[in-house]
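Taken together, the values in this text are just the output of simple stated rules run on the coordinates, not laboratory data. Owing to the predicted nature of the structure, the values given are computational and were not obtained by experimental measurement. Here the Cβ is made from the backbone with ideal geometry for all residues, glycine too, and neighbour counts use every protein chain on show.
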Amino acid sequence: MKTIKDLNIDNKKVIIRCDFNVPIKDGKIVDDTRIVGALPTIQYCLDHNAKIILLSHLGRVKTAEDLKKNDLSPVANRLSELLKQDILFSDETRGEELEEVIKSMNPKDIILIQNTRYEDLDGKKESGNDAELGKYWASLGDVFVNDAFGTIHRAHASNVGIASNLESAVGFLIEKEINALSILDNPEQPFIVVLGGAKVADKIGVIENLVTKANKILLGGGMAYTFLKAKGYEIGKSILDEESIDFCKGILEKYPEKIVLPEDFAVNKEFVNEGEYKIQKADKIGSDEMGLDIGPETLHKYESIIKDAAIVVWNGPLGVYEFEKYKKNTDELLKYICDNNIKTILGGGDIVAAATEAGYKDKLFHVSTGGGATLEYLEGKKLPGLESIK
Ligand code: AMP
């Protein structure tokens with residue numbers, strides 16, 4: 001993997017594809033984590049006297065009303081505060097004015113270009129990786145650095161399109177992500193997978209890819225009930241992913257030793273946080289009950305399996321973590337992992353939100369920031385944004 005350190009960027013015009021897809025409310029940035037995350041790559045370019053051209057998408061642009069909502073200019077203001085320097089902002093994603101400003105830039109100057117998805121309004125040029133657009137953006141700089149891990153599983157004009165036309169490398173954020181995730185290509189044993197989340201259908205690719213490498217896959221969350229159903233258990237009103245029952249049967253038959261199902265659950269009668277829950281054994285879920293979290297026996301069993309793991313990867317919460325009562329065992333397992341220093345990669349999405357909320361994010365070996373991107377890596381798929389650089 002070619003990284004920014006392999007490029008000669010001194011005094012060059014460096015285009016950086018960042019992930020500035022931050023939550024913005026009434027023109028104010030609610031969480032600037034992604035902007036802060038981009039700083040090491042930007043700072044490295046500043047240290048090398050580069051002229052820096054930043055590109056990013058923000059939200060989705062389908063109609064003219066989406067333009068104002070997804071205006072990237074607040075990011076320029078925040079960047080300016082963080083870097084303590086003026087940041088140029090181009091309201092246009094292309095055009096003579098932009099080209100003139102870039103021509104007049106001095107070393108260490110930074111320009112942020114308007115939301116790349118403004119180009120989607122006219123024929124999905126960004127998301128459809130329009131060849132002419134990728135070539136145009138590439139013409140604005142001398143080298144290209146992709147540092148937007150969140151879109152690395154997509155072939156867009158602002159990543160694959162530019163990389164196809166210019167000498168390219170990955171930035172520090174993508175380098176860190178890939179270095180950590182690639183441990184899972186040939187994981188040390190015992191390798192344990194923890195898998196939760198709502199639906200089996202969303203995780204079929206992950207299960208198929210990881211089941212051959214893992215010693216055990218510990219299941220939880222909503223998807224566990226479809227596996228129980230496949231085994232012939234009564235699951236009451238628990239979430240069921242009917243179309244995946246056959247897949248579950250097949251996997252259970254093929255890997256009976258590897259797939260570990262919860263043995264008890266926290267159940268309630270409604271999908272609410274209110275009221276008292278009951279702990280119910282897997283074969284005792286009543287027809288009017290639904291499972292909302294794993295139970296204490298399952299937690300202890302999972303802890304004892306994880307105890308000796310060389311590496312753990314975990315995707316998806318073990319219960320409805322949005323409800324105070326049913327995030328308990330997701331939090332407990334995270335705590336156990338942190339207290340016992342178990343080398344763990346959190347594989348993107350909701351489990352990262354759960355770990356962040358509970359204060360465990362910085363105590364883990366690696367927390368992968370990509371939702372779809374991380375999932376596709378765990379599915380063993382090739383990532384176009386990375387392939388275009390290789
Ligand atoms: P995912 O995006 O696939 O990781 O799924 C995360 C979602 O799964 C969260 O919104 C959880 O509330 C949901 N979830 C976890 N456990 C359950 C459950 N027992 N019943 C329904 N939804 C669940």
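Taking the chain as a Gaussian network, where each spring joins two C-alpha atoms under 10 Å apart, which residue of PRO317, PRO187, PRO262 fluctuates the most?
Looking only at PRO317, PRO187, PRO262, the largest GNM fluctuation is found for PRO187.
So what's the back-of-envelope 222 nm ellipticity for the chain, counting only DSSP H runs of four-plus at -39500 (n - 2.57) apiece and dividing by all residues, rounded to 500?
Result for the chain, helices only: -9000 deg cm²/dmol.
Would you mind pulling out the separation of the Cα centroids of region 35-76 and region 267-282, in Å?
Each part reduced to its Cα centre gives a spacing of 45 Å.
Over region 4-178, what relative contact order in percent results from Cα pairs under 8 Å that are six or more residues apart?
About 28 percent, as a whole number.
Do any GluC sites (Glu not before Pro) in region 26-113 lie in a DSSP loop with no more than 16 other beta carbon atoms within 10 Å, and if so, which?
Here the GluC sites (Glu not before Pro) that fit, given the DSSP loop and packing criteria, are GLU92.
Å³ per residue of the Cα convex hull, for region 291-353?
77 Å³
Holding the Cα-Cα limit at 23 Å, pick out from LYS216/LYS335; LYS269/LYS327; LYS25/LYS125; LYS203/LYS231 the pairs that are longer than that.
Beyond 23 Å: LYS25/LYS125.
Would you mind calculating the relative contact order of region 130-272 from Cα pairs under 8 angstrom and at least 6 residues apart, reporting the percent as a whole number?
Reported as a whole number, the value is 18 percent.
List the relative contact order of the chain as a percent without decimals, with contacts defined as Cα pairs under 8 Å and 6+ residues apart.
15 percent
May I ask you to derive the FRET efficiency for LYS307 and GLU257 from their Cβ-Cβ distance with R0 = 25 Å, giving the value to the nearest 0.05?
Efficiency at R0 = 25 Å is approximately 0.85.
Using only the alpha-carbon atoms, what does region 185-378 span along each of its principal axes? Please give whole angstrom values in decreasing order.
Result for region 185-378: principal-axis Cα extents of 42, 36, 30 Å.
Give me D for region 286-390 in µm² s⁻¹, whole number, from Stokes-Einstein with Rh from the Kirkwood sum over alpha-carbon pairs, 37 °C and 0.692 mPa s.
Answer from the Stokes-Einstein relation: 221 µm²/s.
Take every Cα-Cα distance within region 1-57, group them into 10 Å bins from 0 onward, and report for each bin the whole-number percent of pairs it holds.
The calculated distribution, bin by bin, is 22, 46, 24, 8, 0.
Tally the DSSP beta bridges in the chain and give the antiparallel ones as a percent, rounded to 5.
Roughly 20 percent of the DSSP beta bridges within the chain come out antiparallel.
Dividing the alpha-carbon radius of gyration of region 4-178 by 2.2 N^0.38 Å (N being the number of residues), what value is obtained? Provide the component values of the computation, followed by the final result.
Working: Rg = 14.6 Å, N = 175, 2.2 N^0.38 = 15.7 Å.
Dividing the Cα Rg of region 4-178 by 2.2 N^0.38 Å gives 0.93.
Nearest 5 is fine: what % of DSSP beta bridges in region 185-378 come out antiparallel, could you say?
30 percent
Region 315-376 to region 206-241: how many Å between their Cα centroids?
Distance between centres, Cα-based: 19 Å.
Restricting to region 4-178, compute how many DSSP beta bridges are antiparallel as a %, nearest 5. Spell out each step's value before the answer.
Details: 2 of 20 bridges.
Beta bridges within region 4-178, antiparallel portion: roughly 10 percent.
Based on the Cβ-Cβ distance from LYS68 to GLU276, what FRET efficiency comes out when R0 is 51 Å, to the nearest 0.05? Before the final figure, lay out the partial values.
Working: r = 47 Å, r/R0 = 0.93.
The pair LYS68/GLU276 has a calculated efficiency of 0.60.
If you wrap a convex hull around the Cα atoms of the chain, how much volume per residue is inside, in Å³?
Per residue, the Cα convex hull of the chain comes to 150 Å³.
For a quick protection proxy, order the peptides 113-123, 229-239, 147-157 by their average other-Cβ count within 10 Å, most packed first.
Most protected by this proxy first, the peptides run 147-157, 113-123, 229-239.
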